[in-house]
Amino acid sequence: MSWRTTALMREAWLNVTSNRWRTAGAVLALGAILGSLAALELRDANELRNFQANFVRSGGYVALGLPPAGGSADAARCEAMNGQPGVVAAGSVIRPTPTTFETAPGILYQRAAVTWGVLRVWDPANRAAANDSRQIVIGRVMAGETGLRPGSFVTPRGEGPILVTAIVDTTRRNPTAARWALDPVPPTGSVDECWVEFVPGAFEAGLASLPAQLTTGDKEAVARPYIRRDEFTRDPAAEFVARPQRNGWPLAGSLMAGLFALMAWFRRSELGLYLAIGTPRSLLMAMLAVEALLVVALATVLAVAYAVAIDEALHHTPRWSGTWIVVRTVGSAALLTLTAAPLLAVLVVRGSIANLLKDR
Amino acid sequence: MSLELRNVTHRYRRESAPVLRDLSFVFPADRSIAVVGPSGSGKTTLLAVIGLLTRPTEGDVLIDSEVVKEREVADLRTRLFAWVFQTVNVLGARTVTDNAMLVLLARGVAQVEAREAARDALVTVGLGALASRTASSLSGGELQRLCIASALASRPRFLLADEPTGQLDRATTDRVTQALIEGRPRGTTLIVVTHDPHVASQCDLTVALQDGQLAIGGETT
């Protein structure tokens, strides 16, 4: 007969809870290791996440389709890309021409015929939509300069009054258009520019197929990324895979298992006592595994809380935005510790039990 | 239950001189036996061999005339033996009762029964009032009595004590010796290694270890 399972679990629990200082020291040491790893992971995860978000906000996955020199690109084909898989929005700029308004005499504004799709590319938050041809949409900068707002009327030189139906904020995607007056028109004829926003994973293929989609004659349309790729040489996915702390968990796990082995070294007499009363080494290892589980669990909670607090204090990033990465890395280190620590501890107390009992 | 050593030789290293040399001895059952001898004569090693903590280089340990086999060692150690050492081996942060229960729990005894037996043993050695204190708060003599209580609680067939009074004053030595000799359950053989003639004189039998051999009354066995 040997230890009952419940008695062995209780023994581990009592060893952890009754040695408060030893446990607190171990939890703090392990928490510091895991916390550093977690903080690094959280910092990089959030930095990459923010970069990715900024990249998307700035139009990183927007492509421009242009007619070939001496050729044309079809507005209807551009507009028809809306609803295709991987396409967020598509629309055309048809005829930008300079004009003045009677309400702002002497100031030259650009006036462009656009399809509604392009407004969704330039201002993704814009919900404005109308089909009335006697209406106009104003860029935010122009609206600020002229005092126009939705419901106002403008009078382009030589025309009658037109209702301003919306103010659009194009400053992120097309800052120039912020001073434009935009006439929403149906997608007909040839376009000057076809703007298409893709979802991130569909960008490369979409960019490659865009010329063929727009071409109507012998000459093939051209396409290019709206943002020059060399301005964004970072590849978030590759950076994430190559992050140094990705390989930090075996090191952290080994370090923590080593700490447990060191603690076992200082507990030789105590562990020798368990062996002397007939506890098999396998059960001693099981008891040490439960002790390690309790300590590592406490340290993990402490580490994640520490990492999140540090990250929030330093970067003001969303609280749980990188949690899964932290949990994966920290969890891997913790699992390695739980596997290796009891084994190392039992190796520390190998040899003569009589000698262990004499050790202090 | 008898315990016998047959042609036991033990060396710490292959090339070193033997600490125990072709030693044969039968320890009579249900008796208290003092093992005396000069420092370095191998008394502690002898006790470790008897208690199955150390496997002898040569020879056998027999219990009830049966040779102890390697695969039986852990089980026999748990069921039949209990230890009291000169250096006190307790779990310092745990309560006196927890320590006294330990051997019983290792034998698979239920918590409630183990606790009851531990309390009885603590009362036997005069520590009943300190049952809920932590072991680290006890004095040297109290700790040694705790070790004895822990050993007694398991009702061992062989109670092995290695210099249990080595670091104690005379009055405490008497209390510890009394707890060992008189407190042990019927049927328990006590083997106590000691330098103290006063302790040895209270045992039923004294054997001397010299040059790796055991002798009773000056006779080599």
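Checking the stretch A:16-24 against the condition returns no match, with no residue being of a type in the set (Gly, Ala, Ser), open to solvent by less than 60 Å² (accessible area, probe 1.4 Å) and on the phi > 0 side of the Ramachandran plot.
The C-beta contact set for the stretch A:170-192 (first residue of a type in the set (Phe, Trp, Tyr), second residue open to solvent by less than 40 Å² (accessible area, probe 1.4 Å), distance under 7 angstrom, 6+ apart or interchain) comprises A:Trp180/A:Tyr109; A:Trp180/A:Arg111; A:Trp180/A:Ala112; A:Trp180/A:Gly139; A:Trp180/A:Met142. Look at B:Thr45 and say whether it is within 13 Å of chain A (Cβ to nearest Cβ), β-branched (Val, Ile, Thr) and farther than 21 Å from B:Ser150 by Cα. So B:Thr45 fits the description; yes. In the condition set (1) at pLDDT 90 or above; (2) buried (at least 18 other Cβ atoms within 10 Å of the Cβ); (3) out of contact with any helix residue (DSSP H, G or I) (no Cβ under 7 Å at 6 or more places or on another chain), A:Asp123 is compliant with all but (1).
Scanning the stretch B:154-201 for residues that are assigned to a strand (DSSP E or B) and either among the small types (Gly, Ala, Ser) or more than 21 Å from A:Ala354 (Cα to Cα) (or both) yields a single hit, B:Ala161. Report whether or not B:Leu80 is closer than 15 Å to B:Leu146 by Cα and at pLDDT below 95. Against the criterion (closer than 15 Å to B:Leu146 by Cα and at pLDDT below 95), B:Leu80 does not qualify.
Considering the stretch B:66-88, the residues that are within 8 Å of chain A (Cβ to nearest Cβ), more than 14 Å from B:Arg157 (Cα to Cα) and surrounded by fewer than 21 Cβ atoms within 10 Å (Cβ to Cβ) include one that is nearest to the chain's Cα centre (by Cα), namely B:Thr87. Of the residues making up the stretch A:1-24, those that are assigned to a loop (DSSP other than H, G, I, E, B) and either of a type in the set (A, V, I, L, M, F, W, C) or more than 7 Å from chain B (Cβ to nearest Cβ) (or both) are A:Met1, A:Trp3.
Scanning the stretch B:109-164 for residues that are among the hydroxyl-bearing types (Ser, Thr, Tyr) and within 23 Å of A:Asn15 (Cβ to Cβ), we see that the one that is surrounded by the fewest Cβ atoms within 10 Å (Cβ to Cβ) is B:Ser132. Screening B:Leu91 on (1) more than 8 Å from every other protein chain (Cβ to nearest Cβ); (2) crowded, with 20+ Cβ neighbours inside 10 Å shows it passes everything except condition (1). One residue alone among A:Ala75, A:Ala39, A:Ala63 is more than 23 Å from A:Val185 (Cβ to Cβ) and of a type in the set (Gly, Ala, Ser), and that residue is A:Ala39. In the stretch B:178-193, the residues that are basic (Lys, Arg) form Cβ pairs under 9 Å with partners that are open to solvent by less than 20 Å² (accessible area, probe 1.4 Å), at six or more places apart or across chains, as follows: B:Arg184/B:Ser32; B:Arg184/B:Ile148; B:Arg184/B:Ala151; B:Arg184/B:Leu152; B:Arg184/B:Pro156; B:Arg184/B:Leu159; B:Arg184/B:Leu190. Scanning the stretch A:327-351 for residues that are open to solvent by 40 Å² or more (accessible area, probe 1.4 Å) and within 14 Å of chain B (Cβ to nearest Cβ), we see that the one that is farthest from A:Leu293 (Cα to Cα) is A:Gly351. Set side by side, the residues A:Pro98, A:Pro85, A:Pro68 differ, and just one is away from chain B (no Cβ under 14 Å) and either crowded, with 21+ Cβ neighbours inside 10 Å or in a strand (DSSP E or B) (or both), which is A:Pro98.
The values are calculated or read from the model by the stated rules, or taken from the named source; none is laboratory data. Just so we're clear, the structure is a prediction, and the values are computed from it rather than from any experiment. With ideal geometry, Cβ positions are generated from the backbone for all residues, glycine too; neighbour counts draw on all protein chains shown. Ligands, DNA and RNA are excluded from the accessible area calculation, which covers all protein heavy atoms including side chains. Shrake-Rupley method; radii C 1.70, N 1.55, O 1.52, S 1.80 Å.
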